[in-house]
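The values are calculated or read from the model by the stated rules, or taken from the named source; none is laboratory data. In this text the structure is predicted, and so the values were computed from the model without any measurement. Because the Cβ atoms are built from the backbone with ideal geometry, glycine has one as well, and the counts that use them run over all protein chains shown. Areas reflect the complete protein model, heavy atoms only, side chains present, ligands, DNA and RNA absent. Shrake-Rupley method; radii C 1.70, N 1.55, O 1.52, S 1.80 Å.
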Number of protein chains: 2
Amino acid sequence: MMRFSTLLKNPADWMVGHGAETSVVLTSRVRLARNLHDVPFPGWARKRQREEILKQVKEKVEHIPAMRDGFSHELSDLDQLQKHVLVERHLISREQAARNEGSGSVVNRKQTLSLMINEEDHLRIQAIRPALQLKEAYQLALSVDQFLEEKLNFAYHSRWGYLTACPTNLGTGMRASSMLHLPGLVLSEQIGQVLKGISKMGLAVRGIYGEGTESMGNLYQISNQSTLGESEDAILSRLDRVIGDVARYELQAREKIMETNPLKVRDQIGRAVGILGYAHIITSKEALNYLSMLRLGADIGILEPEVKEICDRLFMETQPAHLQWRSGNKLSPESRDAIRAKMIGDQLQKVLVPAINILEENTNNSKSDS
Amino acid sequence: MMRFSTLLKNPADWMVGHGAETSVVLTSRVRLARNLHDVPFPGWARKRQREEILKQVKEKVEHIPAMRDGFSHELSDLDQLQKHVLVERHLISREQAARNEGSGSVVNRKQTLSLMINEEDHLRIQAIRPALQLKEAYQLALSVDQFLEEKLNFAYHSRWGYLTACPTNLGTGMRASSMLHLPGLVLSEQIGQVLKGISKMGLAVRGIYGEGTESMGNLYQISNQSTLGESEDAILSRLDRVIGDVARYELQAREKIMETNPLKVRDQIGRAVGILGYAHIITSKEALNYLSMLRLGADIGILEPEVKEICDRLFMETQPAHLQWRSGNKLSPESRDAIRAKMIGDQLQKVLVPAINILEENTNNSKSDS
């Protein structure tokens, strides 16, 4: 079995290095909710029942070939920081992070598949792929679903489909989403209109960590609202079409604003470079927002192409839990902001600011003219 | 006689290059209000009377040895931009800039003496010196006053002193002020308390362009409120003592905050470096605020000492009228903000950012990933 530190040391397969195709759509994610027949949902089950379900499901899950040598843990064995790291990496949900006994998580080595046991449902199968690959992500999740379906008795109703703890997941039990980077629509002030259009299509738009979280770094998550009355294929096709449209609007917006107001774009990117390169205190929200501008700069050819990969890595590594894990201990928000600034500055100096003439920390520190 | 362009090409003698002594107190200014006996004040005089006064006073003023080869003009001969430039350089007042026929201004070559004819009073004699040199500035103004007193009949009342158009100038007719740079008191949030203390001493605190202007760039102007009931020496001594105290508080605040929260100071200075070095659009207010941080950085040894002189020059050169004069024509605020950013960036690159890897404006301009 994989150790937590090994999991963290490696970026997930979908996190970095996918070139132009992730210019707008960073990742695609599909999760399937499944429950065991004749067993109470986790929220209603007693602790002993949950532990039994966990044991039973986990055993089957660990035998899936794709999950071999993966990371498998009960939530009660993880500390707050580890849980928080898994949430930031989208490998467990915020809901699951709040659970302990009788709840478990299994993640494959590439971190493209993650199975949550006894979250809201008995089982949630999640697959993540880079770029706009909803159907591919679905296929990946489906392969796990089909493997398990032979071994576990899933609650399924011929008319209602898969039964779930919350009625909003009833039917397909499928929630599919993509994470989009939309700085062009934000800079050109078209984002409000586009988001409104998406809502009208019966899709949901959320911030970077899902329901109830605000948008940061111009990152938006678009997902299906309804799980019932349509086939998985129909839902995925509609979502795929809308997300493809939004991605095209974004590219058009970038092109348009570079034609009509290149100075504004260069100013925003330049300021982001300057602040990330020279600040000594940076919050994670600020980091995401400025890294977003750098990523845009690399995408539209104002900054070196290498900047994009650095941004994608820093999007994750500058998040509070990742930052603390990396520095080996829990840190106060103040220390995090200082370490974050230094980490970003060090990374960016390689590509952006080869020679900063700010004198070193330890020289002339308290010298003051009188 | 000096041409306007020559005046503008050269910095005023008090503007740059006075080292550590201008670390807090940038300049000291004294102006004396004088009026001719038995002639209506400018606000009450008819146009013909004003023109006669102007002619009479100007002739005498131009004969003062210190004013030889200076800049002498009637306000009606100056366009709006030229007037605005003189206001930014503190050589005429905003009130005088609004006047035309019958109002004139004479400035000496070093720009340390400036005489306004038919502003609010018939004559205002202003002397400017670098650093905290109120008494020296007064001596300079006084020498002109004494020269003219022999040639012109000033309105003087044995009990009330010099008679002035506005009763708030009655008596000495003297307004003395210093411009202070107080980033340490602002960063350590002590500024409010210090300004309150100054008001209680019967002194006035104002923004960079005097009455009714807000503070920008952490620049504050401290001056005497009352002109009556005290000798010039008493007023100057009190002002000198209070300003000296404020300067010491500022230096203590800088030292204290570098001891208790050096990261905050370095963050503010670093961000200012980054934004000024990389932004493409900068308003004059923003420029002053960030240049203030750079100047602090040079004063406390975080940035190269050369930065200070660059800041002092840019404080003036980035102001709207100076910027437009330099580029040879009236500009829209948008163009000004772009030219300002470029001017500052170019200046700072020499000392701060020797190699910016932002690709050049004309290459890959509209390249966009698809």
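The table for this structure:
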item: Relative contact order of chain A, pairs being alpha-carbon contacts under 8 Å that are 6 or more residues apart, as %; result: 18
item: Estimated Rh, the protein assembly as shown: Kirkwood, alpha-carbon pairs, angstrom; result: 30.3
item: Label-point separation, B:R241 to A:S335 (7 Å along Cα→Cβ), nm; result: 5.0
item: Approximate spin-label separation A:Q49-B:L228, in nm, with each point projected 7 Å along Cα-to-Cβ; result: 9.1
item: Under 12 Å from the Cα of A:K330 - aspartates and glutamates, other chains or at least 8 residues apart; result: A:D79
item: Position A:R94, label points 7 Å along Cα→Cβ, spacing to each other copy in nm (shortest first, one decimal); result: 4.8
item: Residues along segment A:283-312 losing 10 Å² or more of accessible surface when the other protein chains are present rather than the chain by itself (probe 1.4 Å); result: A:E286, A:D299, A:I300, A:G301, A:I302, A:L303, A:E304
item: Test item: B:262-273 mean partner chain Cβ contacts at 10 Å; result: 6
item: For segment A:283-328, accessible area per residue (1.4 Å probe, heavy atoms of protein chains only), Å²; result: 28
item: Heavy-atom accessible area per residue - segment B:4-255, 1.4 Å, Å²; result: 43
item: Accessible-area composition of chain A, carbon plus sulfur, in percent [1.4 Å probe]; result: 47
item: For the axis carrying chain B to chain A: nearest C-beta residue of B, whole Å; result: B:G274, 1
item: Listed residues A:F154, A:G274, A:W44: farthest to the positive end of the dipole of chain A (Cβ charges); result: A:W44
item: At 7 Å out from Cα toward Cβ: A:W44 inter-copy label distances (nm, ascending); result: 9.6
item: Where the Cα pairs of segment A:4-255 fall when distances are cut into 10 Å bins, in %; result: 7, 31, 36, 20, 5, 0
item: Size of the A/B contact, given as accessible area buried on both chains, probe 1.4 Å, in Å²; result: 4200
item: Quarter of Cα convex hull surface for segment A:167-283, i.e. mean projection, nm²; result: 8.5
item: Label spacing, shortest first and in nm, from B:E255 to its equivalents in the remaining copies (7 angstrom along Cα→Cβ); result: 6.3
item: Span from the segment A:277-320 Cα centroid across to the segment A:59-134 one, whole angstrom; result: 27
item: Highest-MSF residue in chain A out of A:N224, A:N169, A:N329 [GNM, Cα springs under 10 Å]; result: A:N329
